[in-house]
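Below is one structure; the comments refer to it alone.
The values are calculated or read from the model by the stated rules, or taken from the named source; none is laboratory data. All of these numbers come straight from a predicted model, not from anything done at the bench. Positions of Cβ are backbone-derived with ideal geometry, glycine not excepted, and every protein chain shown enters the neighbour counts. For the accessible areas, the whole protein counts, side chains as well, though only heavy atoms, and no ligand, DNA or RNA atoms are used. Shrake-Rupley method; radii C 1.70, N 1.55, O 1.52, S 1.80 Å.
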Amino acid sequence: MARLLKSSWIMVTLVLGLAGITPAMTPPGIVHDLTVRLDPSRHRLAAVDRLSVQHVRAGRLVFTLAAHLAVSRVEVDGKAADFSFDKGRLVFSLPSSGETHSIRIDYSGVFDDEIPADPINADNPGFGVTGTIDPKGTMLLAGARWYPHSIQEGTSSYNITVNAPAGVMAVTAGRPLGHATENGRAISRWRVAAPLRGLPLVAGPYTIATRRFGNVVAATYFTEPLQHLSEDYLSAVGRYLKLYGELFGPYPFDQFAVVENAFPTGYGFPSFTLMGRRVLQLPFIIHTSLGHEIAHCWWGNGVLVDPSQGNWSEGLTTYVADYLYKERRGQGLAYRRQWLRNYASLVHSLRDIYARYRFRAITWSDFQDVFEARAEMDLALFFKQWVFRAGAPKLAFSPIRVTESQQGFEISGSVRQEPPYFDLPLDVALETDREGTVQRIEVTGAQTPFTFTSSGQPKKLTADPEVNVFRRLAPQEVPPTVNSIKGAASVNVVVSDDLGPSAIKLARRLAAAMGLSRARIGREATFDRKAMRDHDLLFVGLPVSKEGLPAGDDQFATTPDGFILKGETFNGDGASFFGVFRHPANEARMAALFIPGQLDLARSVSTKIPHYGKYSYLVFNETRNKVKGTWSIKDSPLSVQWLTDTRPDRRRQ
C-alpha cells in the first residue's frame, strides 16, 4: 500500500502536466533534404526542399507553409508540376505510377517577428515570437511553418544544410555533420534521423564546446561573452545523462546541446534546449531547468505524447526532475504542499515504457498496461479515480470526541468525504504531551471512523501530515499568492490619490505584466466603494482612505514611513512591497497591494512581480528582490488542536 501511496503522486503529477506493444518504430513516409540560405540583414530565407515520398497513393499532396512566403517552383519526379498555394496550403498532384516519388519545392520569404526590447509579460517564454531572422540571432520554431510539412506525413526525418553569413552557425535537432566555411559563408549540416513532429532551426554567432559521455556528445553553442559558462554546463549535462540513463535506459539521441538565444526563451527540443542569454547566467538554472529539459528527451521527445488523452509528459518530467531534485535535498514535503496549492488556484520503474514506446505516441491506457504488468495486479480502480476521473478528494474531520478515563484518553472521530468518493490510504497523526503516534486508515465512502487511545494529554490531531495524498485543499488552506490575482477576469486597479501623475502609467504597466487585460484602472477617488466588493482589487500605493485595504493579520502592517512584514520594519524610499491578501469584504476574491517605493525604480519592479507567482509577498530593495514568502496557514479541516483541558477547539494553526 505504501508503494501505491507514492504511485498516486506520480499519477497526479502526470495529470497536473495537462496536461499490443511492438518495439519497432514505423519508418517515416517522407524524408526531407532541406537547403536553407539565411540573410539576417534582410530577415530573409531562401530554401529548396527535396523530398523523397514513399508509400503514398496517387492523388493530391497537401503541404502547409507560412502563408506570407512565396513558392516559386514545384517539381515531381524531375518535371515541373502545376500547384496552388493559398492561405498557407500548397497543393499539387502525384502521378499514378510508382510508390516512391521525388519532389522539389523552392520557396523564399521574410521572418521578422518583433522581439520586444522591454518585454512586460513573460508568461510566454518567446513573447509570441515564432519566427525571426535577425543579425542578433535566428529562431524559427515549427509553428512558424518555415518548411513544407505534409498533413499526410505524420513524423519525418531530415537532412539539413544551412548557408549563413560567416561566423553564424545553425543548430537544430539531431546529429551535427559538421560546420565549415565555404566561399566566405558558414555552412552547417545536420542529420535528423529520429522521426520528429516539428523541426526548429536556430542560428547565431556561436563558439562550440563539446565533451563526450559514452556514446553521447554534450555541446554548448554560446556567444563569446558566455564561453566561461561552457565547462559547468557540459559537466552538468554529463551528470543528468548518467542519472536518467540509469533510471530509464539509453539516451535516445546522438547529442544534447545547450544553445544560447538572443532573447529570454526557455524551450526544450529533441536533443537540445534553447535558453536566453540572461537565463543561462542565472546560477540556479544548471541545478533546475537544465535537468528538466534533458529529462524531456526521454519523456515527450523520446516517448511521444498522444494528445487525445492529455499531455502526460510535462507532469512526468516534473516528477523525475523538479520534484526529484527537491526530494534529494529533503524538500519534498514543501514541494508536495506547493503542488496542492497550485492545483487549488514513483512508481517502481519506467524503463519498460521507455524501451517499448520510444518514438511512439502513447496514452494513459498504455501507462496502465505497463504498470499492471510490472506490479502484477489490477490497477483499473487506481487509474479510474486518479487519472481518468476529474477532480480530487475533498476531506475533512467530523467532530472529534475526547473521553478521559483512569487508563488515559480515547480520541475518536471520522474523516468525512464529499462526493465523488475516492478510496485512499490516509495517515492520521496524534501528538500528546508524552508521545506521538501515527495510524493509517483506509478512507472510503462518506465517513471513515478511527479511534486513538493514549496515556498522554492530546495536543494536536492531523491528517496527512507529510502531504502524501493528492486532494482538493479547502479555501482556508490556500494562501493568497501572486498567481491568485494574476490574469484575473475582473480587477479594479486603484491608484492612490497620494501618488503623482506618473502612477497611472505605472499601474497600466503592472496590470499588463500581470495579464490583467480587462482591468479598470483609475484614481482612488473615482471608484465606488460598494462596487469594489464585487471585484478583485489591486492597490497601487497606500490609499488615502483605509476602507477596502486588505488586512494582514499579525503578519503585515503599514506605517507612516514604510511597512512591517513578519516583525521586520522596512523604511525609506528604496523598499517596495507587493502582497496578495483575502478581499476584506468578499472571501471569494483577492486584494493585492503594491507599495512602489521610488516610482522611477518601480517601473522595473512591476515587470518582475509576475515571475514570483507562488509567493504571497515580495520585498524589493530598489530593483532586486530581497524577501519572498507565503503567508502562514492557520486553519485546516484536517487539523484539530486542544486546550489543556482537552475540550476540542478548532483553532488556526
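Neighbours of Ala164, meaning other residues whose beta-carbon lies under 15 angstrom from its beta-carbon, give a summed charge of +3 when Lys and Arg score +1 and Asp and Glu score -1.
In the chain, taking the dipole from charged Cβ atoms about the Cα centre, the farthest positive-side position among Phe570, Ser108, Pro501 is held by Ser108.
Size check on the chain: the Cα extents along the three principal axes, sorted descending, read 97, 69, 46 Å. Taken over the C-alpha atoms, the stretch 473-520 has Rg and Dmax values of 13.2, 42 angstrom.
Modelled spin-label separation between Asp254 and Arg389, with each label point placed 7 Å from Cα along the Cα-to-Cβ direction: 4.9 nm.
Its DSSP H runs of at least 4 residues, each contributing -39,500 (n - 2.57), put the calculated 222 nm mean residue ellipticity of the chain at -5000 deg cm²/dmol, to the nearest 500. The label point for Gln407 and the one for Asp498, both projected 7 Å from the Cα toward the Cβ, are 6.4 nm apart.
As a fraction of the 1.4 Å probe accessible area of the stretch 273-337, surface on carbon and sulfur atoms comes out at 52 percent. Summing +1 for each Lys or Arg and -1 for each Asp or Glu among the other residues whose beta-carbon sits under 13 angstrom from that of Ser412 gives -1.
Considering only alpha-carbon pairs that sit under 8 angstrom and 6 or more positions apart, the relative contact order computed for the stretch 439-536 is 27 percent. Dipole size of the chain about its Cα centre, with +1 on Lys/Arg Cβ and -1 on Asp/Glu Cβ: approximately 300 debye, rounded to the nearest 20.
Placing +1 at every Lys and Arg Cβ and -1 at every Asp and Glu Cβ, with all other atoms neutral, what dipole size does the stretch 398-483 have around its Cα centre, in debye to the nearest 20?
Working: 8 positive and 12 negative charges, 33 e Å.
Result for the stretch 398-483 is approximately 160 debye, rounded to the nearest 20.
Each principal axis of the Cα cloud of the stretch 381-499 was evaluated for its coordinate range; sorted largest first, these ranges are 67, 46, 21 Å. Using a simple spin-label model with pseudo-atoms 7 Å out from Cα toward Cβ, Ala70 and Thr569 lie 7.2 nm apart.
Here, the stretch 166-288 yields an orientationally averaged convex hull projection of 7.8 nm² when only Cα atoms define the hull. Compute the length gained on full extension between Ser455 and Leu643: take 0.36 nm times their separation in residues and subtract their Cα-Cα distance, giving the result in nm to one decimal. Extending this stretch completely gives an extra 66.0 nm. Our summary of shape: the Cα atoms of the stretch 458-561 have principal axis extents of 57, 32, 26 Å, ordered from largest down, in whole angstrom. Scattering from the C-alpha atoms of the stretch 499-621 alone, worked out with Debye: what is log10 I(q)/I(0) at q = 0.13, 0.14, 0.15 1/Å? Values, matching the q order: -0.49, -0.57, -0.67. At an R0 of 41 angstrom, the distance between the Cβ atoms of Tyr325 and Glu372 translates into a FRET efficiency of 0.90.
Only Cα pairs under 8 Å and 6+ residues apart enter the sum, and on that basis the relative contact order of the stretch 261-325 stands at 28 percent. Taking each of Lys486/Lys634; Lys326/Lys460; Lys136/Lys486; Lys530/Lys628 in turn, the alpha-carbon distance tops 26 angstrom for Lys326/Lys460; Lys136/Lys486; Lys530/Lys628. In the chain, taking the dipole from charged Cβ atoms about the Cα centre, the farthest positive-side position among Tyr158, Val216, Ile353 is held by Tyr158.
Residues whose amide H falls under 5 Å from that of Met169, counting only those 5 or more places apart or on a different chain, are Gly204, Tyr206, with hydrogens built in the peptide plane. If you take all other residues with their beta carbon under 13 Å from the beta carbon of Val619, and give Lys and Arg +1 and Asp and Glu -1, the sum is +3.
The residue list Ile521, Phe284, Val74 was ranked by how far each Cα lies along the charge dipole of the chain toward its positive end, using unit charges on Cβ atoms, and Val74 comes out on top. If the chain linking Arg472 and Ala380 were pulled fully straight, counting 0.36 nm for each residue of separation and taking away their Cα-Cα distance, it would gain 30.9 nm. FRET efficiency for the pair His611 and Ala80, taken as 1/(1 + (r/R0)^6) with r the Cβ-Cβ distance and R0 = 45 Å, rounds to 0.25. Distance from the Cα centre of the stretch 472-523 to that of the stretch 420-452, in angstrom? After rounding, the separation between the Cα centres reads 41 Å.
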